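The structure under discussion appears below in the form of structure tokens.
The values are calculated or read from the model by the stated rules, or taken from the named source; none is laboratory data. Computed from a prediction, not measured in an experiment: that's the story for all the values here. Backbone-built Cβ (ideal geometry, glycine too); neighbour counts: all protein chains shown. In case anyone asks, the SASA skips ligands and DNA or RNA and just uses the protein heavy atoms, side chains included. Shrake-Rupley method; radii C 1.70, N 1.55, O 1.52, S 1.80 Å.
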Amino acid sequence: MDLIFATNNNHKIEEVKALLPVIYKLLSLKDIGCNEDIEETADTFEGNALLKARYLYEKYHLPCFSDDSGLEVMELNWAPGVFSARYAGEHGNHEKNMDKLLQSLDGKTNRAARFRTVLCYIDTNGNETYFNGIINGTITHEKRGSGGFGYDPLFIPDGYQKTFAEMNPEEKNLISHRALAVKEFAAFLSR
Ligand code: ITT
């Protein structure tokens, strides 16, 4: 069964593919020939996830889902949140985003943070369902590791010594915010 995943982020596609029941064939925006940049203008993860999923559903009339994720840092009043991808101004510039985060936390002792995902699924009949995933952790003082993407080199999940970027994809995929939301979604699809 075809299922559109509203992303062009290859890391996310691989992470999610590994978790969904094999009968579902995941189609990325590229796979369906959708080149539009779907605006993420809402001020919540839920709102942005819905914007993307609803846009695709209206256009393609196929079941689809999207996730909106981000990093929330306690000392920064839970910023960057929905602005995670463009924290330093330029969408998707992960190096600059991490540099800005390290600067913002310079000298701070409270480095508690969490990654959060909200996944919005729209089924064949247009019904919306939401799934959530959160992982708590801390922000390091320097970048560590080369795996993953985004803020992974700066995030150590609670109970671990390694950053997400120092883990192999399977390790991250067992515990990540997106994995938690996708596992709930997979259970829902298998009902
Ligand atoms: P799409 O919108 O195309 O799916 P994106 O990279 O913009 O891709 P999100 O909006 O979900 O993805 O996430 C916003 C940002 O939050 C993302 O660019 C990263 O900086 C950060 N982020 C999200 N999930 C992450 C993860 O698993 N590891 C590290 N950073 C992550």
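See the values below:
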| read-out | value |
| --- | --- |
| Qualifying residues in region 1-18 (those that are among the aliphatic types (A, V, I, L, M) and surrounded by fewer than 17 Cβ atoms within 10 Å (Cβ to Cβ)) - the one farthest from the ligand (Cβ to nearest atom) | M1 |
| Residues that are open to solvent by less than 50 Å² (accessible area, probe 1.4 Å) and modelled with pLDDT of 95 or more, drawn from region 149-158 | G150, Y151, D152, P153, L154, F155, I156, P157 |
| Residue, modelled with the lowest pLDDT, within region 135-148, restricted to residues that are over 16 Å from L102 (Cα atoms) and within 12 Å of the ligand (Cβ to nearest atom) | G148 |
| Any strands (runs of 3 or more DSSP E) falling wholly within region 50-163 and containing at least 3 residues that are out of contact with any Leu (no Cβ under 8 Å at 6 or more places or on another chain) | 64-73, 112-122, 128-139 |
| Qualifying positions in region 19-53 - open to solvent by 60 Å² or more (accessible area, probe 1.4 Å), in contact with an Asp or Glu (Cβ under 8 Å, 6 or more places away or on another chain) and more than 18 Å from A85 (Cβ to Cβ) | K25 |
| Candidate set: region 81-120, residues that are small (G, A, S), open to solvent by 30 Å² or more (accessible area, probe 1.4 Å) and within 11 Å of the ligand (Cβ to nearest atom); chosen: the one nearest to L71 (Cα to Cα) | A85 |
| Options E58, E72, E40: the member that is within 11 Å of the ligand (Cβ to nearest atom), acidic (D, E) and out of contact with any Phe, Trp or Tyr (no Cβ under 9 Å at 6 or more places or on another chain) | E40 |
| So G81, is it in contact with a strand residue (DSSP E or B) (Cβ under 6 Å, 6 or more places away or on another chain) and on the phi > 0 side of the Ramachandran plot | yes |
| Single residue of K17, K25 found to be among the charged types (D, E, K, R) and touching a Phe, Trp or Tyr at 6+ places or on another chain (Cβ under 9 Å) | K17 |
| Given (1) within 18 Å of H11 (Cβ to Cβ); (2) touching a helix residue (DSSP H, G or I) at 6+ places or on another chain (Cβ under 7 Å), index of the condition N93 fails | (2) |
